[in-house]
Amino acid sequence: MRQRHLTARYGLIHGSYWMVFAAVSGYVSLYLLELGFSSGDVGALIALAGLLSAVCQPLAAAYADRPDSLSLRTINLMVAGAAAVCGGTLIFVRSSRVLTLLFYGLTLALLQLSNPLVNALGVTSINCGCKLNYGVSKSVSSVTFAAASFLLGRLTASLGGRVVPWAMVLFYGLFLLSLALYPCQRSPLPEGSGKAASLLTVFRKYPRFMAMLGGCVLLFISHILLNNFTLQIIRTKGGGSSEMGVAMAIAALSELPTMLLFSFLLKRKGSWFWMRLTGFFFILKALGSCLCTGVGSFYAVQLIQMLAWAVIAVASVYYINAVMEPEDAVKGQALYTMAYTLGSVLGALLGGWIIDALGVDAMLLFGTASAIVGTAVVCRFTQKAKDRV
């Protein structure tokens, strides 16, 4: 299949997945706060969903790396289908607090489980020798995430949170369709390659990579504080749900140039360099969110996303593919996503508790400190490696 066709098809997968992400993760606070839950409740739910996902991710990755497993496309379809059912169920259980928490939590967990599997789908194509431009495909997600966030911001401002589950069902339908249209591939192991490392062995096989992931956890805590509690932050700046949607859209669209041009950046410096650089912009975004005083300046801070999340979202995929053996490729993506999940768990719990106890400004200061320490760790343990592109 020609490069532009495969890149476009993989772009549809990323685009629809991040529309789902905008609805499920971006509007979790709005949906649950409207139903009477506290910020602490929201944080606890996100944390529990993250823990469930963290348990499932390495198991799914270990299975996917087996030569006799179902294809990655099939596994992705099964996970997405289950999540669509859970999200759709929210439409009918809105009056039950227990069932709302249960099914929203399951939807969040399955959403996070899909992340490494979607990334691995693209890596498999690259390792098969297919001409796929990951950065261009990933850039589609910035546009669709921005559009979904902006649209949901307007709809929830006028109709309330009840539209969120309907959006989940619609976006998951598009995600399932895009997966079904993607060609089924398996990455052949190179001749003479070793057996895939077990989940326990991999910690000893890649010690610097595991240490680097510890720094990523701290970066992700900062990222989660800014993204899962956007509504609470923007309310302190004088805005509401509509302004939250605009802020999320600005952040997402600012990612577009970086992702489109990342193949060019990769020719100038390896993925290891960009992994080190991106942490400094996580610091700037957290600090800027703390210091800005109005909605307009908060919008301006969102532009820092261009060199923060936009860089690490693409660079990490290439970096993992460079430092890990092909037979461990899916586990590498899963371990990275586990780091994100752990950051989500800690960020959600700590963010909710800090907001309820000390307020939004204290939460933002904590996020800045987390980004500073995380950047130091990532810079220390990221190793130089030649990218496979």
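Within the stretch 87-100, if we keep just the residues that are within 16 Å of ALA23 (Cα to Cα) and not in a loop (DSSP other than H, G, I, E, B), the residue that is most open to solvent (accessible area, probe 1.4 Å) turns out to be THR89.
Looking only at the stretch 107-119, filter to residues that are more than 20 Å from SER69 (Cβ to Cβ) and touching a Leu at 6+ places or on another chain (Cβ under 8 Å); which one of those is surrounded by the most Cβ atoms within 10 Å (Cβ to Cβ)? Among residues in the stretch 107-119 that are more than 20 Å from SER69 (Cβ to Cβ) and touching a Leu at 6+ places or on another chain (Cβ under 8 Å), the one surrounded by the most Cβ atoms within 10 Å (Cβ to Cβ) is THR107. Residues that are open to solvent by less than 40 Å² (accessible area, probe 1.4 Å) and not in a helix (DSSP H, G or I) within the stretch 24-83 comprise SER25, GLY26, TYR27, PHE37, ASP65, SER69, SER71, listed in sequence order. Residues that are of a type in the set (S, T, N, Q) and open to solvent by 10 Å² or more (accessible area, probe 1.4 Å) within the stretch 120-145 comprise THR124, ASN127, ASN133, THR144, listed in sequence order.
Among the residues of the stretch 379-388, is there at least one that is in contact with a Ser or Thr (Cβ under 7 Å, 6 or more places away or on another chain), of a type in the set (Lys, Arg), assigned to a helix (DSSP H, G or I) and open to solvent by 30 Å² or more (accessible area, probe 1.4 Å)? No; the residues of the stretch 379-388 include none that is in contact with a Ser or Thr (Cβ under 7 Å, 6 or more places away or on another chain), of a type in the set (Lys, Arg), assigned to a helix (DSSP H, G or I) and open to solvent by 30 Å² or more (accessible area, probe 1.4 Å). When we screen SER158, SER139 for residues that are among the hydroxyl-bearing types (Ser, Thr, Tyr) and in contact (Cβ under 8 Å) with a residue 40 or more places away in the chain, the only hit is SER139.
Annotation note: of ALA348, ALA371, ALA362, ALA376, the sole residue that is touching a Gly at 6+ places or on another chain (Cβ under 8 Å), farther than 21 Å from LYS269 by Cα and at pLDDT 95 or above is ALA371. In the stretch 167-188, the qualifying residues are those that are open to solvent by 40 Å² or more (accessible area, probe 1.4 Å) and of a type in the set (A, V, I, L, M, F, W, C), and the one that is modelled with the lowest pLDDT is CYS184. Of everything in the stretch 265-282 that's touching an Asp or Glu at 6+ places or on another chain (Cβ under 9 Å) and either assigned to a helix (DSSP H, G or I) or free of Cβ contacts under 8 Å to residues at least 60 places away in the same chain (or both), which residue is surrounded by the most Cβ atoms within 10 Å (Cβ to Cβ)? Going through the qualifying residues, I end up with SER271.
Are any residues in the stretch 229-264 more than 30 Å from GLY359 (Cα to Cα), open to solvent by 30 Å² or more (accessible area, probe 1.4 Å) and not aliphatic (A, V, I, L, M), and if so, which ones? Across the stretch 229-264, the qualifying residues are PRO257, SER263, PHE264.
The values are calculated or read from the model by the stated rules, or taken from the named source; none is laboratory data. Predicted model only: the values in this text are computed from it and were never measured. Note: ideal-geometry Cβ built from the backbone for every residue, glycine included; neighbour counts use all protein chains shown. Side chains included, ligands, DNA and RNA excluded: accessible areas come from the protein's heavy atoms. Shrake-Rupley method; radii C 1.70, N 1.55, O 1.52, S 1.80 Å.
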